[in-house]
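Here the structure is laid out as structure tokens; the discussion comes afterwards.
Every number in this text was worked out from the coordinates using simple rules, so none of it is lab data. Quick caveat, the model's predicted, so the values are computed rather than measured. Cβ atoms come from the backbone with ideal geometry, glycine included; neighbour counts cover every protein chain shown.
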């Protein structure tokens with residue numbers, strides 16, 4: 001199997017766009033399309049549905065994706081066996097359009113000499129298992145969710161309390177507000193498709209909803225349809241809203257007139273931590289940790305005076 005084609009498939013799946021995959025791989029969009037088409041021919045299945053908005057991964061593509069990642073990891077481990085010390089720092093950022101991806105981009109700007117491999121794993125259990133196996137060097141997670149404890153060989157430190165805001169269309173009841181309190185959300189329906197039960201983010205939003213009396217609605221298109229479906233629906237709705245932060249890198253059509261409304265008194269924050277294996281000797285891990293802790297100290301003066309976080313996240317991870 002052509003590993004260049006496999007790498008191109010994984011990059012396209014992660015970015016959701018042939019053009020963005022071409023930029024990341026340093027090739028032309030035509031080359032990306034040809035590689036994916038050749039891989040589809042070899043496998044005898046369609047891996048993506050081509051749409052005007054990009055490349056939507058198919059069911060067959062979803063089934064092949066974890067095996068494709070394993071192939072690339074096997075290739076890297078084979079190379080590393082004869083090239084000690086040459087491997088890039090591999091970090092799991094949960095998703096490429098979340099605040100933790102921005103933290104890693106900031107680190108890379110400050111430390112361009114550190115080569116990075118960025119991956120997205122689903123759920124804290126998968127991330128911890130990857131740390132223990134050495135498949136990744138670090139991950140960003142909310143780790144003290146109910147019923148979960150970190151293994152003794154995994155270290156964690158808080159690096160970002162991400163303030164949440166309400167995201168609405170122009171016809172929503174709160175669209176004209178300069179800010180609102182979480183208590184004002186009581187009785188409202190907050191739309192969060194893909195908020196999968198059993199994950200650390202579902203645990204966060206479940207307690208957030210229970211404390212302030214609103215409802216989380218998870219019915220909707222899969223995240224594989226892309227963020228554009230969510231933006232389109234919220235833009236046209238007078239009742240639907242969701243939670244985002246000003247650290248979420250999104251661009252939407254000007255005609256949508258979407259609003260990001262700060263939540264105050266208290267400001268709900270999502271508690272991101274950096275996790276790593278205590279025996280990991282990659283020099284990039286220490287550099288990343290020191291950079292994130294320094295950035296956290298620099299942000300401290302501008303953080304909200306009154307914040308809310310779930311009860312299970314009040315204690316500091318070790």
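Cβ crowding within 10 Å, taken as a proxy for footprinting-reagent exposure, orders 174, 212 from fewest neighbours to most as 174, 212. For the chain, the share of DSSP beta bridges that are antiparallel, to the nearest 5, is 65%.
For the chain, a/c is not less than 1.5, where a ≥ b ≥ c are the root eigenvalues of the C-alpha gyration tensor, and a/b does not top b/c. That puts it in the oblate class.
Choose one answer from 71, 240, 121: the residue with the largest mean-square fluctuation in a GNM of the chain with alpha-carbon springs under 10 Å. Of 71, 240, 121, the Gaussian network model singles out 71 as fluctuating most. Relative contact order of the stretch 1-83, taken over Cα pairs closer than 8 Å and 6 or more residues apart, is 30 percent.
Each stretch of four or more DSSP H residues adds -39500 (n - 2.57); spread over every residue of the chain, this sum gives -12000 deg cm²/dmol at 222 nm. Rounded to whole Å, give me the distance from the Cα center of the stretch 147-221 to that of the stretch 1-79. Their Cα centres are 32 Å away from one another.
The length gained on full extension between residue 53 and residue 215, counted as 0.36 nm times the residue separation minus their Cα-Cα distance, comes to 55.3 nm. Packing order of peptides 29-42, 90-103, highest average first: 90-103, 29-42 (average count of other Cβ atoms within 10 Å over each peptide's residues). Across 52, 193, 271, mean-square fluctuation computed from a Gaussian network of the chain (C-alpha pairs under 10 Å connected) peaks at 52.
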